[in-house]
Amino acid sequence: MGNQVTRRDFIRNSSGAVLIGTAILSGADRAFAAPKQSLEKGTVIDLTVCDGCSAKNTPACVLACRTKNQDKFPKVDREKLTPYWPQKTYEDWSDKQDMTNRLTPYNWTFVDKVEVEHNGTTEQIFVPRRCMHCDNPTCAGVCPFSAIKKDENGAVTINDGHCMGGAKCRDVCPWDIPQRQAGVGLYMKLAPEYLGGGVMYKCDMCADLVSQGKEPACVTACPKNAISFGTKQEMIDLANKRAKAINGFVYGEKENGGTSTLYVSKVPFEKIDKAIKESKKQANDMKPGRPNMEVSIENKLDSLSGMALSAAIAPVAGIAAAGFAAYHKLKGGKQEHEE
Ligand code: SF4
Ligand code: SF4
Ligand code: SF4
């Protein structure tokens, strides 16, 4: 696992880092943390071009992601797996590492498939899913250890050396993107029976490749060129131009306050979202890992500036209070996932 830290490093870093993390909650503070627009990268996934790689056992983008990220996937000692108090269970995907039909700690992108009635015909639509790399990521805003950050290049990344696996990031992510693996990470060195639940994993936009001026592995691998990569502004322009040309729709430009992962479709995203939900209901699959596609999702961090202020004034009490309050406010009516 990369980004290993010692117990002393962690304690030293977390006290300062928590303040930075809570500061992200305020709109004003966000301005200094926001990536420079010109450096930000993004992708456009064209659903009119993606055919799900139907002729292959595994879609090329999924295979490329798994191959590229093998070294970053969790290495679990199954004999040490144990629930942490007061939980009775833990999340273990280590015996399902081959699963490619949902997001897991071992599978950071997958291709959903739905059928949608549109203009009198039944359309089969393939939807590659992964982290949206939000402009103001709610996942980062609630992480008490500041383990999640938005890089200058637009990628939202999780530091697996700091993550304690509390899964609050997943609870407040509008798409339930990060997935947890127990039995790995810092909590195993601290107090595995009382604190932490593992490490959260998700697509990191291939931040290492992007920082070298290269494109993400899934983009390179797509045989249909269904995924475009470029600056965020180029991608916004491309998505809107394409949508206009096909009399279609863009997803991700506004959702959760804007993201670096945009989709274009000739079918309204409301219909795609409805089809995903119906498909999950029929399969009795309501667990995270197969995201919905709700339209016009608001970014709830925008209403939390008062809590960030309290955290800054009274660091220790404020951190706990702000973290707790922010978490519950962001969670809203959303049902907490079974742990
Ligand atoms: S995005 Fe490209 S590689 Fe991925 S499923 Fe669609 S066509 Fe295949
Ligand atoms: S999609 Fe979810 S996990 Fe990804 S950056 Fe946005 S809030 Fe975070
Ligand atoms: S950008 Fe990289 S990490 Fe994310 S889905 Fe594509 S290959 Fe995987």
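When Met286 is evaluated against the numbered criteria (1) more than 25 Å from Pro105 (Cα to Cα); (2) modelled with pLDDT under 95, which criterion, by number, is the only one it fails?
(1)
(1) charged (D, E, K, R); (2) farther than 21 Å from Trp175 by Cα; (3) in contact (Cβ under 8 Å) with a residue 12 or more places away in the chain: which one isn't true of Asp204, the others all being true?
Tallying (1) charged (D, E, K, R); (2) farther than 21 Å from Trp175 by Cα; (3) in contact (Cβ under 8 Å) with a residue 12 or more places away in the chain, Asp204 fails exactly one: (2).
Need the failing condition index for Thr231 against (1) touching a helix residue (DSSP H, G or I) at 6+ places or on another chain (Cβ under 8 Å); (2) within 16 Å of ligand 3 (Cβ to nearest atom); (3) within 23 Å of Ser38 (Cβ to Cβ), just the number.
(1)
Looking only at residues that are touching a residue at least 60 places away in the same chain (Cβ under 8 Å) and away from ligand 2 (no atom under 16 Å from the Cβ) in the stretch 236-264, which one is farthest from Leu47 (Cα to Cα)?
Here the residue is Ile236.
Residue by residue through the stretch 269-305, note down the ones that are free of Cβ contacts under 8 Å to residues at least 40 places away in the same chain and touching a strand residue (DSSP E or B) at 6+ places or on another chain (Cβ under 6 Å).
Answer for the stretch 269-305, where residues must be free of Cβ contacts under 8 Å to residues at least 40 places away in the same chain and touching a strand residue (DSSP E or B) at 6+ places or on another chain (Cβ under 6 Å): just Phe269.
Which one is farthest from Ser296 (Cα to Cα), of the residues in the stretch 231-255 that are away from ligand 1 (no atom under 16 Å from the Cβ) and outside any helix (DSSP H, G or I)?
Thr231
On the given criteria, is Lys271 in contact with a His (Cβ under 9 Å, 6 or more places away or on another chain), on the phi < 0 side of the Ramachandran plot, surrounded by 18 or more Cβ atoms within 10 Å (Cβ to Cβ) and of a type in the set (Lys, Arg)? Give the steps one after another, and end with the answer.
Values: in contact with a His (Cβ under 9 Å, 6 or more places away or on another chain): yes; on the phi < 0 side of the Ramachandran plot: yes; surrounded by 18 or more Cβ atoms within 10 Å (Cβ to Cβ): yes; of a type in the set (Lys, Arg): yes.
Yes: the conditions hold for Lys271.
Quick check on my filter: what residues within the stretch 92-136 are away from ligand 1 (no atom under 12 Å from the Cβ), of a type in the set (D, E, K, R) and open to solvent by less than 30 Å² (accessible area, probe 1.4 Å)?
Residues satisfying the conditions are Asp92, Arg102.
Return the pair list, or none, for Cβ contacts closer than 8 Å from residues in the stretch 168-180 that are near ligand 2 (Cβ under 6 Å from one of its atoms) to residues that are among the charged types (D, E, K, R), at least 6 apart or on different chains.
Trp175/Arg129; Ile177/Arg130; Ile177/Arg170; Ile177/Lys202; Pro178/Arg170; Pro178/Lys202
For residues in the stretch 57-90 being open to solvent by less than 30 Å² (accessible area, probe 1.4 Å) and more than 12 Å from ligand 3 (Cβ to nearest atom), which is modelled with the lowest pLDDT?
Top of the filtered list is Leu81.
Against the conditions (1) within 16 Å of ligand 2 (Cβ to nearest atom); (2) open to solvent by less than 30 Å² (accessible area, probe 1.4 Å), where does Ala226 fall short? Just the number, please.
All conditions pass for Ala226, except number (1).
The values are calculated or read from the model by the stated rules, or taken from the named source; none is laboratory data. The structure presented is a predicted model; accordingly, all values stated were derived computationally and were not measured. Don't worry about glycine lacking a Cβ; one is built from the backbone with ideal geometry, like all the others, and counts go over all protein chains shown. The area values use the complete protein model at the heavy-atom level, side chains included, leaving out ligands, DNA and RNA. Shrake-Rupley method; radii C 1.70, N 1.55, O 1.52, S 1.80 Å.
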